[in-house]
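A.B. asks: Can you read through this structure? Questions will come right after.
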Amino acid sequence: SAVISQKPSRDICQRGTSLTIQCQVDSQVTMMFWYRQQPGQSLTLIATANQGSEATYESGFVIDKFPISRPNLTFSTLTVSNMSPEDSSIYLCSVRLARPTDTQYFGPGTRLTVL
Amino acid sequence: RKEVEQDPGPFNVPEGATVAFNCTYSNSASQSFFWYRQDCRKEPKLLMSVYSSGNEDGRFTAQLNRASQYISLLIRDSKLSDSATYLCVVITTGGGNKLTFGTGTQLKVEL
């Protein structure tokens, strides 16, 4: 299995500011993902962040708004830029391990509230 | 139509009851299927994979019907600790092997 930690666990931010969320994994993984879970809703994939290449964004998400870094195989950051109240959500980091079985694990999430 | 659909519930059942959740998916190219469990204010955790032949893990049984594009989860002898949201998850070929989540079915097991 994979143990994933995220910082911060929660934050309250002002409109127009930016927040960078860190994700640390206890093992080297190729595939990392960033998800958003808005209140009462399921998870939506923001982007796939593979080491050594640019992040791939899903429809409705753009790099200027959600820049991602993936400097090595155990770490990634997601920045939520120029925040508005609509960005209030839980942001989850996730990794996929191929062995022993193809399984995806999630970090504990970062609960963001934008005032 | 959503790619993965679930009845949101909540399902309120007494302890010891048997409860079944259903999930339908729209893309026939979907190749892998899972049930995840999400407790309140926690991250999703894999409950079990779903195989074509069906699979069982203790009190939990998962079934897949590819012809009907339908997945089910059966929980027998419900425990209070089973109270959570159960997420149906699908991976589709050609979709970059991304997980697509259903909106989840909420289960409340009561005394």
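FYI, it's all coordinate maths here, none of it is from the lab. The structure presented is a predicted model; accordingly, all values stated were derived computationally and were not measured. No Cβ is skipped: glycine too gets one built from the backbone with ideal geometry, and neighbour counts run over all protein chains shown.
A.B. asks: Applying 1/(1 + (r/R0)^6) with R0 = 41 Å to the Cβ-Cβ distance of A:Gln28 and B:Asn55, what FRET efficiency is obtained, to the nearest 0.05?
C.D. replies: On the way: r = 30 Å, r/R0 = 0.73.
Computed FRET efficiency for A:Gln28 and B:Asn55 comes out at 0.85.
A.B. asks: Give the distance, in whole Å, between the Cα centre of the stretch B:56-92 and the Cα centre of the stretch B:8-32.
C.D. replies: Cα centroid to Cα centroid, the span is 6 Å.
A.B. asks: Right, another one. Please compute the modelled spin-label separation between B:Ser28 and A:Val62, points set 7 Å along Cα→Cβ, answer in nm with one decimal.
C.D. replies: According to this spin-label approximation, the distance is 3.7 nm.
A.B. asks: What does the convex hull of the alpha-carbon atoms of chain B project to on average, in nm²? Let's see the in-between values first.
C.D. replies: Numbers: hull surface 27.1 nm².
For the Cα atoms of chain B, the hull's average projected area reads 6.8 nm².
A.B. asks: Something else now. Please flag any cysteine in chain A that has no other cysteine's Cβ under 4.7 angstrom from its own Cβ.
C.D. replies: That list is A:Cys13.
A.B. asks: Quick one: net charge around A:Leu92, please, counting Lys, Arg +1 and Asp, Glu -1 for every other residue with C-beta under 11 Å from its C-beta. Walk me through the numbers on the way to the answer.
C.D. replies: Numbers: positive: A:Arg36, A:Arg111, B:Lys42; negative: B:Glu43.
Around A:Leu92, the surrounding residues sum to +2.
A.B. asks: Just the ratio, please: alpha-carbon radius of gyration of the stretch B:2-57 over 2.2 N^0.38 Å, N its number of residues.
C.D. replies: Working: Rg = 13.2 Å, N = 56, 2.2 N^0.38 = 10.2 Å.
For the stretch B:2-57, the normalised Cα radius of gyration is 1.30.
A.B. asks: What relative contact order, as a whole-number percentage, does chain A give when Cα pairs under 8 Å and 6 or more residues apart are counted? Each step should come with its number before you reach the end.
C.D. replies: Values: 284 pairs, mean separation 42.0, N = 115.
Relative contact order for chain A comes out at 36 percent.
A.B. asks: If you don't mind, another one. Please list, or write none, the aspartates and glutamates whose alpha carbon is within less than 13 Å of the alpha carbon of B:Lys98, excluding same-chain residues fewer than 8 places away.
C.D. replies: A:Glu58, A:Asp102, B:Glu3
A.B. asks: If you add up the charges near B:Ala62, with Lys and Arg at +1 and Asp and Glu at -1, over every other residue whose beta carbon is less than 14 angstrom from its beta carbon, what do you get?
C.D. replies: In short, +2.
A.B. asks: Could I ask something else about it? Compute all pairwise cysteine Cβ distances in chain B, then list the cysteines with no distance under 4.7 Å to another cysteine.
C.D. replies: Isolated Cys, chain B: B:Cys40.
A.B. asks: Tell me, what is the FRET efficiency for B:Thr93 and B:Ser68 to the nearest 0.05, using R0 = 22 angstrom and their Cβ-Cβ distance as r?
C.D. replies: Numbers: r = 19 Å, r/R0 = 0.85.
Once rounded, the FRET efficiency stands at 0.75.
A.B. asks: What does the structure give for B:36-43 when I average, per residue, the other chain Cβ atoms found within 10 Å of the residue Cβ?
C.D. replies: Numbers: counts 4, 0, 4, 0, 0, 4, 3, 14.
For this peptide, the per-residue mean of nearby foreign Cβ atoms is 4.
A.B. asks: I want to verify a result. In a Gaussian network model of chain B, Cα cutoff 10 Å, which of these has the top mean-square fluctuation: B:Thr100, B:Thr85, B:Thr18?
C.D. replies: It is B:Thr18.
A.B. asks: With viscosity set to 0.692 mPa s and temperature to 37 °C, compute the Stokes-Einstein D of the protein assembly as shown, Rh being the Kirkwood radius across alpha carbon pairs; µm²/s, no decimals.
C.D. replies: Numbers: Rh = 18.3 Å.
Reported coefficient: 179 µm²/s.
A.B. asks: For a quick check: sort A:Trp34, B:Trp35 by the number of other beta carbons within 10 angstrom, fewest at the front.
C.D. replies: On the way: A:Trp34 25, B:Trp35 22.
Ordered from fewest to most neighbouring Cβ atoms within 10 Å, A:Trp34, B:Trp35 come out as B:Trp35, A:Trp34.
A.B. asks: Any idea how far apart A:Arg111 and A:Gln51 come out in nm if each label point goes 7 Å out from Cα toward Cβ?
C.D. replies: 3.2 nm
A.B. asks: Next up: Percent of Cα-Cα pairs per 5 Å bin, from 0 to the last occupied bin, for chain A, please list those.
C.D. replies: Answer for chain A: a P(r) of 2, 13, 24, 26, 20, 10, 4, 1, 0 percent.
A.B. asks: Of B:Arg66, A:Arg111, how do they rank once you tally other Cβ atoms within 10 Å and put the fewest first?
C.D. replies: Working: B:Arg66 13, A:Arg111 16.
The order, fewest Cβ neighbours first, is B:Arg66, A:Arg111.
A.B. asks: What lysines could a cross-link reach from B:Lys79, if we take a straight Cα to Cα line under 17 Å and drop same-chain neighbours fewer than 8 places away?
C.D. replies: Cα-Cα hits under 17 Å: B:Lys108.
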